[in-house]
């Protein structure tokens with residue numbers, strides 16, 4: 001091989017090598033875009049809700065109710081007959097099967113929706129008005145164009161008769177798409193059109209608060225000790241080894257810890273944000289201590305020496321000078337640690353946060369779900385509507401994570417002092 | 001109640017702070033002496049002595065009270081009862097007693113439960129009363145002690161700093177306590193498990209199906225039953241499945257991660273690096289449950305359809321789908337760690353290589369990577385440890401059937417999947433099935449511990465080399 005050929009070959013190898021590197025970077029970036037794209041295209045449907053206009057006649061005599069009822073009296077009244085009558089007026093039906101089909105295009109909570117409407121708008125008593133009632137999941141999906149209506153009737157859950165009603169309703173402009181407030185306010189439900197992340201949002205919120213309150217002070221104090229005061233001895237070494245190891249222990253092991261000790265030995269209440277928060281705090285602690293120590297270490301020794309030189313004690317030099325300078329770094333480390341904790345699922349499953357909870361939790365000791373666990377729970381459901389609900393939950397979760405991480409970056413860039 | 005007590009303690013210790021500060025100023029000016037520390041320190045001294053013991057007692061009491069009351073009530077129950085009851089039945093009665101006390105009991109109220117609930121109520125009020133009495137007397141005692149020291153003009157700053165250092169030290173002990181807690185909770189259940197199932201049958205058995213394990217009382221197992229039980233708890237298929245999926249993940253993650261690490265460290269311009277590095281690191285910030293959803297909903301079905309086109313039988317919960325997605329998750333760990341270690345290689349090594357006429361890629365292959373190798377190996381090992389401990393992706397995408405296979409298109413199961421599947425929902429604590437999850441957890445803990453230890457060793461060695 002001549003010299004030129006050899007050189008050409010070497011340059012080709014150079015180009016090839018660079019190309020591999022570039023391809024890898026582009027591939028990794030493409031993965032991110034693809035993932036985000038899949039989630040967003042699947043999840044955006046969940047932010048809208050299909051409703052059907054129904055004419056309701058709130059005749060007080062038929063309802064057997066006084067003319068100026070209190071809220072409690074309305075609550076105690078039976079609205080079932082009125083609801084069914086109004087629903088059946090939507091389309092002409094023959095026979096019981098068709099009536100059933102017609103009622104099934106509505107979400108099963110129609111009675112409560114009508115009742116709640118009249119409680120909030122008492123002026124409509126004794127009047128006839130049009131109410132928007134939530135459509136069932138199948139109609140909702142049909143309206144969003146996700147339903148395979150070309151399949152033969154026995155292979156889909158919507159009957160031909162229901163399709164007929166649907167088409168008529170669309171023609172009469174009686175089907176609307178509105179913003180889905182249920183997604184944010186409701187708890188879990190077996191019906192996808194009614195299910196919301198309200199409960200799991202609150203659950204996640206309480207969990208993160210408990211985690212923050214426990215892990216932040218302990219992590220800061222521990223890192224101050226290790227960075228500023230710890231003598232070089234066996235105990236300190238042992239603590240350091242422990243912290244480094246704990247930071248890499250799989251999260252599910254912390255779930256076993258929570259299950260065995262908190263639930264098994266100490267009888268803490270199951271499925272609650274309190275236990276979840278403690279478990280996640282133990283998991284996050286080493287992951288916060290490591291960046292906290294790094295930011296303490298970044299404060300130059302001259303600051304400490306200056307304080308000592310004017311007669312401050314060691315504790316004073318640390319608390320008055322070193323720690324205030326390190327606070328932005330420790331805060332951003334903590335926020336990143338908390339963001340990781342917020343997305344953690346496996347330990348929460350083990351401590352029983354997978355329970356089906358309809359009610360919204362009002363304190364950290366009420367059973368509840370949390371956002372990532374909700375993703376897991378809904379992903380196991382077969383209904384079509386839950387797929388978009390799951391993706392929407394992921395979108396909400398990712399929004400929180402991105403906000404937290406961006407805030408951490410902002411804190412670091414805005415307040416951190418560079419010393420060199 | 002606890003919150004009110006806590007608030008009271010905080011209020012009291014705040015007033016102690018102001019009182020202590022005022023007192024020392026008064027004493028020293030009356031006696032015309034100089035205080036041994038700034039007046040604030042006397043305030044802190046008094047306040048700390050007042051608050052810390054009280055809060056400690058309150059915390060310990062709150063944690064241990066339910067356990068102790070439960071023990072007392074169950075003790076009462078079993079001593080009152082003529083017929084023998086096993087712990088599970090006692091536990092059930094205890095739950096019923098609590099439900100009756102809380103007012104949400106459904107079912108027939110027996111005399112025993114009614115009495116128990118009354119007992120429970122009285123114990124609670126006794127506990128509440130004695131808690132307050134003990135707390136207040138302790139608080140008074142410690143505050144008085146500190147006050148006595150204060151009026152003798154002690155060296156308050158040094159004392160306060162001692163307390164501060166002690167608090168800091170205690171906080172750093174939490175890490176050790178957590179490790180002890182993990183080992184204790186895992187060992188405790190695992191030992192119970194290994195008294196039923198021989199540890200070697202667990203580690204080397206090749207058949208795993210814990211749902212077959214119905215035996216509840218470990219002491220009455222006949223040898224034939226044991227043979228059957230042994231076959232329910234052979235964990236080799238799980239180890240194999242875990243290693244297999246981790247292997248697939250590493251096949252994806254190591255080349256892509258390593259090459260992007262090299263590219264970002266050696267080739268990329270500042271601008272490319274500034275934007276592409278955070279985007280790749282997004283992959284590390286995405287919760288694993290999201291990857292699991294993605295693998296189960298998009299990647300798994302895609303492979304199945306793809307395989308069908310070529311007449312291949314692909315399970316929709318294939319090891320390939322789970323491993324691939326896990327690999328994507330791990331890319332940023334490898335890329336950013338190897339980026340760091342490559343950046344730490346001294347420039348002089350590169351310059352030397354360029355000086356003898358090597359191209360950039362030759363320099364990287366022959367000089368930079370060999371120099372950075374320990375660090376790269378360390379980061380790969382850390383990634384492996386993460387892969388075998390990863391839970392949600394495999395739970396959602398890898399299947400449940402434990403079988404020994406090296407066909408990536410079939411479904412396999414992993415250690416973490418089985419832990420979740422055994423412990424999801426309600427479980428009886430004393431069945432070998434539940435205990436087996438803890439035994440698996442123990443194995444996982446030690447496996448990752450060893451991997452991490454070796455990896456950190458490598459990284460540390462590497463750092464020392466160039467510092």
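The values are calculated or read from the model by the stated rules, or taken from the named source; none is laboratory data. Only a predicted model underlies this, so the values are computations on that prediction, with no experimental measurement involved. For neighbour counting, all protein chains shown are included, and Cβ atoms are generated from backbone atoms with ideal geometry for every residue, glycine included.
Brief remarks follow.
- The single condition among (1) farther than 21 Å from residue B:15 by Cβ; (2) touching a residue at least 24 places away in the same chain (Cβ under 8 Å) that residue B:142 does not meet is (1).
- Matching option when the condition is crowded, with 22+ Cβ neighbours inside 10 Å and in a helix (DSSP H, G or I), among A:337, A:352: A:337
- Residue selected from region B:158-172 under the condition surrounded by 17 or more Cβ atoms within 10 Å (Cβ to Cβ) and more than 7 Å from every other protein chain (Cβ to nearest Cβ), by the criterion farthest from residue B:41 (Cα to Cα): B:159
- Here is the figure for region B:125-150: residues that are closer than 18 Å to residue B:39 by Cα and touching a helix residue (DSSP H, G or I) at 6+ places or on another chain (Cβ under 6 Å) total 3.
Yes/no matrix, rows are residues, columns are (1) crowded, with 17+ Cβ neighbours inside 10 Å; (2) within 14 Å of chain B (Cβ to nearest Cβ):
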| position | (1), (2) |
| --- | --- |
| A:310 | no, no |
| A:324 | no, no |
| A:328 | yes, no |
| A:342 | yes, yes |
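- Segments classed as helices (runs of 4 or more DSSP H), wholly inside region B:352-419, with at least 1 members that are buried (at least 19 other Cβ atoms within 10 Å of the Cβ) and either more than 12 Å from every other protein chain (Cβ to nearest Cβ) or in contact with a strand residue (DSSP E or B) (Cβ under 6 Å, 6 or more places away or on another chain) (or both): B:369-389
- When region A:380-401 is limited to residues that are surrounded by fewer than 23 Cβ atoms within 10 Å (Cβ to Cβ) and either facing another protein chain (nearest Cβ under 8 Å) or assigned to a loop (DSSP other than H, G, I, E, B) (or both), the one that is modelled with the lowest pLDDT turns out to be A:382.
- Residue in region B:213-226 that is closer than 28 Å to residue B:382 by Cα, touching a helix residue (DSSP H, G or I) at 6+ places or on another chain (Cβ under 9 Å) and either free of Cβ contacts under 8 Å to residues at least 24 places away in the same chain or more than 14 Å from chain A (Cβ to nearest Cβ) (or both) present: no
- Candidate set from region A:64-81 (those that are in a helix (DSSP H, G or I) and in contact with a helix residue (DSSP H, G or I) (Cβ under 6 Å, 6 or more places away or on another chain)); member that is nearest to residue A:130 (Cα to Cα): A:80
- Pairs, first free of Cβ contacts under 8 Å to residues at least 40 places away in the same chain in region B:448-467, second surrounded by 14 or more Cβ atoms within 10 Å (Cβ to Cβ), C-beta under 7 Å, six or more apart: B:449/A:245
- Unique match (being touching a strand residue (DSSP E or B) at 6+ places or on another chain (Cβ under 7 Å), part of a helix (DSSP H, G or I) and either more than 10 Å from chain B (Cβ to nearest Cβ) or free of Cβ contacts under 8 Å to residues at least 24 places away in the same chain (or both)) among A:86, A:53: A:86
- Residues of region B:228-286 classified as within 12 Å of another protein chain (Cβ to nearest Cβ), free of Cβ contacts under 8 Å to residues at least 60 places away in the same chain and either in a helix (DSSP H, G or I) or in contact with a helix residue (DSSP H, G or I) (Cβ under 6 Å, 6 or more places away or on another chain) (or both), total: 15
- Subset of region B:201-218 [at pLDDT 60 or above and more than 8 Å from residue B:231 (Cα to Cα)]: B:201, B:202, B:203, B:204, B:210, B:211, B:212, B:213, B:214
- Residue match in region A:189-206 (condition: in contact with a helix residue (DSSP H, G or I) (Cβ under 8 Å, 6 or more places away or on another chain), surrounded by fewer than 19 Cβ atoms within 10 Å (Cβ to Cβ) and in a loop (DSSP other than H, G, I, E, B)): yes
- Summed over region B:287-296, residues that are at the interface with chain A (Cβ under 7 Å from one of its Cβ atoms) and assigned to a helix (DSSP H, G or I) total 6.
- Helices (runs of 4 or more DSSP H) contained in region A:210-306 and holding at least 2 residues under 20 Å from residue A:369 (Cα atoms) and within 12 Å of another protein chain (Cβ to nearest Cβ): A:251-257, A:273-297
- Meets criteria (closer than 17 Å to residue B:182 by Cα, in contact with a helix residue (DSSP H, G or I) (Cβ under 7 Å, 6 or more places away or on another chain), free of Cβ contacts under 8 Å to residues at least 60 places away in the same chain and in the same structural domain as residue A:372 (by TED's automatic domain parsing)) for residue A:275: no
- Of all residues in region B:301-339, those being touching a helix residue (DSSP H, G or I) at 6+ places or on another chain (Cβ under 7 Å) and within 12 Å of another protein chain (Cβ to nearest Cβ) number 14.
- Among the residues of region B:427-452, those that are facing chain A (nearest Cβ under 7 Å) and closer than 23 Å to residue A:246 by Cα comprise B:438, B:441, B:444, B:445, B:448, B:449, B:452.
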